[in-house]
Amino acid sequence: MQGRIDLTRTALDEFGKTLLASDEVVVEATTNSMAVSRVLAPLAARAIVANPLQVKVIAQARVKTDKIDAGTLASLQASGYMPQIWTPDAETERKRRLVGRRYQVMRHRTRLKNEVHSILHAHLIPKCPDADLSTPAGRAWLAAQQLLDDQRTTIYRHIRELDRLAGRPGPARPRDRAVGAPGTGRQQVPCNATFKHSQQYATGVDLPMPTTSRRCATSRR
């Protein structure tokens, strides 16, 4: 059996109905391979996540297509040479997601701070005596510096973003700009709103994910 499978829950459920109780499903490890494994695991004998680096070492192919790669995965699993990765349980996956999101938030904060310091350095402004520009002392020092209007606006916009990520109340805005699409039923969020957690703002608007396909191999014995 050959073909392409859309990377959606409905398409995977339909594909799972064609599986036999003795079938083994192999998918390459990637961003959402764990989600694919969770959907297909109850519908087959096994759902295996393959290590793509080790598969590449074992099976060297001059031509790389989804069809050839799926056949390679099926052949390796049937012969017992499939290199697998460890599949975490649901709680471990949840903790991984939380750590990953926190890491992205911290990287975003670091980038914002670096941009602020870069603007100050470009204007020959010495280092702030306060360790954090977002503190009252740091903001007072910043207000006393000579900056171009557009650069000052950029700095304060970055500081407002830092306040949002830290859950601190930011300065009042002259007007509110709603976030959301009319007719979608989404709650409109003003720009000067503050949030207890950094994820609250990010989850205010749900965006559809693009539909892609995945190499998937089924091994029947």
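Derivation of every value follows stated rules applied to the coordinates shown; laboratory data play no part. Since the structure is predicted, the reported quantities are computational estimates derived from the model, not experimental observations. Cβ placement follows ideal geometry from the backbone for every residue including glycine, while neighbour counts extend to all protein chains displayed.
A few remarks follow.
- Annotation note: Cβ proximity below 7 Å between a residue of segment 129-152 that is free of Cβ contacts under 8 Å to residues at least 60 places away in the same chain and a residue that is of a type in the set (D, E) (sequence gap 6+ or interchain) occurs for S134/D163; A137/D130; G138/D130; G138/D132; W141/D130.
- Segment 134-162, residues that are in a helix (DSSP H, G or I) and within 14 Å of A122 (Cα to Cα): D150, Q151, R152, T154, I155
- On the stretch given as segment 8-18, residues that are farther than 19 Å from G71 by Cα and either outside any helix (DSSP H, G or I) or touching an Asp or Glu at 6+ places or on another chain (Cβ under 7 Å) (or both) total 1.
- Checklist (1) of a type in the set (K, R); (2) free of Cβ contacts under 8 Å to residues at least 60 places away in the same chain; (3) assigned to a helix (DSSP H, G or I) applied to K67, failing item: (2)
- Subset tally (residues that are over 18 Å from K67 (Cβ atoms) and touching a residue at least 12 places away in the same chain (Cβ under 8 Å)) for segment 19-35: 10
- Flag if A122 is touching a helix residue (DSSP H, G or I) at 6+ places or on another chain (Cβ under 9 Å) and small (G, A, S): yes
- Of all residues in segment 76-107 being touching a residue at least 40 places away in the same chain (Cβ under 8 Å) and under 13 Å from the mean Cα position of the chain (by Cα), the one that is surrounded by the most Cβ atoms within 10 Å (Cβ to Cβ): V105
- Among the residues making up segment 18-55, those that are surrounded by fewer than 16 Cβ atoms within 10 Å (Cβ to Cβ) and under 13 Å from L7 (Cβ atoms) are T30, T31, N32, A35.
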